[in-house]
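Here the structure comes first, spelled out in structure tokens, and everything after it is commentary.
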Protein chains: 2
Amino acid sequence: MTTSPDIPPPDLRERILTAAEEMLRRYGPAKTSVVDVARHLNMSHGNIYRVFASKEALRAAVVDRWLARAHAPLTAIVTGPGTPPEKLIAWFTCLADQKLAKVAGDPELFATYQALLHQVPEVIDRHLAWLAEQVRAMLAEGRDAGLFRFQDLDAAAQAVLDATLPFRHPDMIVATNDGPEHRKLRAVLALVIAGLTSGALA
Amino acid sequence: MTTSPDIPPPDLRERILTAAEEMLRRYGPAKTSVVDVARHLNMSHGNIYRVFASKEALRAAVVDRWLARAHAPLTAIVTGPGTPPEKLIAWFTCLADQKLAKVAGDPELFATYQALLHQVPEVIDRHLAWLAEQVRAMLAEGRDAGLFRFQDLDAAAQAVLDATLPFRHPDMIVATNDGPEHRKLRAVLALVIAGLTSGALA
């Protein structure tokens, strides 16, 4: 891949993604073409195709970046200080706040991303796999510290993710949300953590 | 209310509901009128309006009866033998099976009822209140037997209902279902029951 020497490819990639995101937000997926994005950036669409092989690849990258923005604070919780039960509570509360901000805070942008996500299901799968990996890390840490007991790490993580689904699924989170303290989510997590602690899945 | 002496009102009510259900199933809500139901029963639509004040009242009664059909086996579990933990597992498993049969077993009828339900939200509210009442009864029995400890019955029941939502919500149950053994639901219930037992919400 060759680009002009004054624009290194990583920066070009970010500039294209930012422009595409802005146009998708403003005009919606149906009305945003690669040519539009190129025009917005005062460059030829050939320039974009040198970075993203297709319109679909560009869209997938936009959605990927949108989802990935949520990852940094979640990763910070998993790798940061605190006991595994504290981490689980902080992590699911953070995730609920992020989802609420997306769904309720900017409904138009969220609708755009929902439409895009249906076109790139592999991005959702990757996001869900990433979330599951984070939960497994917290449960494994709890197990290694002698706090949690369970037979199968994958099954235990799945149960924790299932029990908390109403507090992170975009179709439900507005209905289940009961304010910034997340009392309902915390009650579910209290039951789940007690179950992990008492070896209900051991 | 007067009806002809050879058709006692309760029977007439059931006959109208059965005919309306059959026609809704066949033609959908948009194409089913009170006149159609009356014609199907070879009676005047005045006869129907003597039992149901409006088309909306008839629809609400059809949906109510559809939901209420699921109630008998659930009530039998709550009032039957077994420990409260056993009852919770049997009850939520029964509910999941019922929902799956509705959603996956007869998708056309289910779509019809989903459309109807959006027109009569008070029927959904009544159904959800009924489910919550049943869960409260099982939790209260467990508390009175010294098996469960929690501070607030309503909040505890809400947490149990929230944690199990993916296994009974019509939009999610097909995705979460993992076969007749309901391993994933049982794992969530194992955590929840251990939490109630260990006093996580006390």
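Points worth noting:
- Count of residues meeting criterion [crowded, with 19+ Cβ neighbours inside 10 Å and more than 10 Å from every other protein chain (Cβ to nearest Cβ)] in the range B:172-202: 3
- For B:Leu41: the one exception among (1) of a type outside the set (D, E, K, R); (2) closer than 30 Å to B:Leu196 by Cα; (3) modelled with pLDDT of 90 or more: (2)
- Residue match in the range A:48-55 (condition: of a type in the set (Phe, Trp, Tyr), closer than 30 Å to A:Thr32 by Cα and outside any helix (DSSP H, G or I)): yes
- Test: B:Ile173 is of a type outside the set (Gly, Ala, Ser), under 25 Å from A:Val160 (Cβ atoms), at pLDDT below 90 and touching a Leu at 6+ places or on another chain (Cβ under 8 Å): yes
- Count of residues meeting criterion [without any contact (Cβ under 8 Å) to a residue 24 or more places away in the chain and not in a helix (DSSP H, G or I)] in the range A:143-160: 1
- Meets criteria (of a type in the set (S, T, N, Q), under 30 Å from B:Thr18 (Cβ atoms) and exposed (fewer than 15 other Cβ atoms within 10 Å of the Cβ)) for B:Gln119: yes
- The range B:135-160, residues that are more than 9 Å from every other protein chain (Cβ to nearest Cβ) and buried (at least 20 other Cβ atoms within 10 Å of the Cβ): B:Val135, B:Met138, B:Leu139, B:Gly142, B:Phe148, B:Phe150, B:Ala157
- Residues in the range B:161-171 that are part of a loop (DSSP other than H, G, I, E, B) and more than 7 Å from chain A (Cβ to nearest Cβ) were compared, and the one that is surrounded by the fewest Cβ atoms within 10 Å (Cβ to Cβ) is B:Pro170.
- Just one residue in the set A:Ala70, A:Ala163 is within 22 Å of B:Gly195 (Cβ to Cβ) and among the small types (Gly, Ala, Ser); that residue is A:Ala163.
- Filter result for A:Phe92 (within 18 Å of A:Pro73 (Cβ to Cβ), in contact with an Asp or Glu (Cβ under 8 Å, 6 or more places away or on another chain) and either modelled with pLDDT of 95 or more or assigned by TED's automatic domain parsing to the domain that holds A:Ala60 (or both)): no
- One residue from B:Leu185, B:Leu191 being over 15 Å from B:Cys94 (Cα atoms) and either in the same structural domain as B:Gln114 (by TED's automatic domain parsing) or part of a helix (DSSP H, G or I) (or both): B:Leu191
The values are calculated or read from the model by the stated rules, or taken from the named source; none is laboratory data. Everything numeric in this text was worked out from a predicted model, so none of it was measured. Note that we place each Cβ from the backbone using ideal geometry, even for glycine, and neighbour counts take in every protein chain shown.
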